[in-house]
1. Looking at this structure, is Arg150 out of contact with any strand residue (DSSP E or B) (no Cβ under 6 Å at 6 or more places or on another chain), of a type outside the set (Gly, Ala, Ser) and closer than 30 Å to Tyr60 by Cα?
2. Before we move on, is Ile120 under 18 Å from Gln164 (Cβ atoms) and out of contact with any Cys (no Cβ under 6 Å at 6 or more places or on another chain)?
3. For residues that are open to solvent by 10 Å² or more (accessible area, probe 1.4 Å), among the aliphatic types (A, V, I, L, M) and either touching a residue at least 40 places away in the same chain (Cβ under 8 Å) or in contact with an Asp or Glu (Cβ under 6 Å, 6 or more places away or on another chain) (or both), tally how many sit in region 109-131.
4. Can you pull out the residues in region 37-79 that are in contact with an Asp or Glu (Cβ under 8 Å, 6 or more places away or on another chain) and under 19 Å from Ile99 (Cα atoms)?
5. Return the residue satisfying two criteria in turn: it lies in region 53-68 and is at pLDDT below 95 and hydrophobic (A, V, I, L, M, F, W, C), and of such residues it is nearest to Ala105 (Cα to Cα).
6. Out of all the residues in region 132-171, which are open to solvent by less than 80 Å² (accessible area, probe 1.4 Å) and under 14 Å from the mean Cα position of the chain (by Cα)?
7. Only residues that are of a type in the set (Asp, Glu) and in a helix (DSSP H, G or I): list them for region 121-177, please.
Amino acid sequence: MAKSSAQSGRPPLRQLQTIVDLLETPSLARIYAYLLQNGPTTVSTIISELDVPQGTAYDYIHKLEIADLARKTRNERPYEYDAEPISLTLSTNGHTQTITPALIAAVARRERDEDINVYIERHGLDGLATALEYAGEYVDGTVNHRIAARELDLSPLEAEIILQALEPVVDEYALHE
């Protein structure tokens, strides 16, 4: 017999909505990425390290917890939280895209990295996800910026800029892929 989402403990539509919110809200993405890299950690640490308002931090942690993307790892105060790695593959009209922790981390950098922000404005999140795949190959040394430029239909300069901007994301999130 199939389990309902209430029985399995995982609310799939709420989780999907929260993943969409992670892609649209860089500050939420920053908190998720921080938890994934540094958890378990307290909300007060998140507030001080990420310089986010207290109310926002608690609201976002609660949102992630409800969607099963974060969990409380300590049941006495101060509570500590950790994040669950995301891997969601979407297929539409013959195109497949996977949402990964690295993609969320790249979105999280949007507010503080003008190169990533401009790239998203020009090429959208799908373009960023594809550039992130090439950034992985760039870091591995299997692709250079000229090959990536040709494949992404970019100028060599724009390819070099986005690959260098995404290089730290690839390095930091290789374990979660």
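The values are calculated or read from the model by the stated rules, or taken from the named source; none is laboratory data. Small disclaimer: the values here were computed from a predicted structure and weren't measured. Cβ sites come from the backbone with ideal geometry, for glycine too, and all protein chains shown count toward neighbours. These accessible areas exclude ligands, DNA and RNA; they are computed on the full protein's heavy atoms, side chains included. Shrake-Rupley method; radii C 1.70, N 1.55, O 1.52, S 1.80 Å.
1. When the stated conditions are applied, Arg150 does not pass them.
2. yes
3. 1
4. Correct list: Gln37, Lys63, Asp68, Leu69, Ala70.
5. Ala67
6. Leu132, Leu166, Pro168, Val169, Val170 - these are the residues of region 132-171 that are open to solvent by less than 80 Å² (accessible area, probe 1.4 Å) and under 14 Å from the mean Cα position of the chain (by Cα).
7. Hits for region 121-177 are Glu121, Asp126, Glu133, Glu137, Asp140, Glu151, Glu158, Glu160, Glu167, Asp171, Glu172.
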